[in-house]
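Q: Let me begin by handing over the structure; questions about it come next.
Every read-out reported here was derived from the displayed coordinates using simple, explicitly stated rules and does not represent laboratory data. No experiment lies behind these values; they were computed from the predicted model shown. Every residue, glycine among them, receives a Cβ derived from its backbone with ideal geometry; neighbour counts consider all protein chains shown.
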Amino acid sequence: MHDEFVANLRLLCSYYPSIADVCLRLPINRAQFNRHLSGRYYPSHAALQRICHFFGVTPDDIALPHHDFRALVQTGQLNADTASTSLLAAVNNDVSSGDYHFRARH
């Protein structure tokens, strides 16, 4: 589950210009966020809620198997009521242009 979270978080971040940009928008300390991205630490409940709210996903969504989560994001099946407007715009732009830039490492 932890590896799925890391891959899914990296996927969500890939729709933004940089990790620094994500950290500024969240806001979250970049060093701490990098620990989550590396899989070194799993976020606290409060941090997980904030991350999920920002990206417009639920904690259950972000823990899905990566291939399922990626399909959910790519097809725009995020909940429009909770999804981040900027993420939806980024996903819609990437999907329509065919420009996928995933940074997740396997």
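Q: If amide H atoms are built 1.01 Å from N in the plane of the peptide, which residues on other chains or at least 5 residues away come under 5 Å of the amide H of G56?
A: Those lying under 5 Å, H to H, from G56 are S84.
Q: Which ³J(HN,Hα) values in Hz, rounded to whole numbers, follow from the phi angles of the range 53-62 under the Karplus curve 6.51 cos²θ - 1.76 cosθ + 1.60, where θ = phi - 60° and Gly and Pro get x?
A: Coupling constants for the range 53-62: 4, 4, 7, x, 10, 9, x, 5, 4, 6 Hz.
Q: Then there's this: Separation between the R50 and A71 pseudo-spin-labels, each 7 Å from Cα along Cα→Cβ, expressed in nm?
A: 3.4
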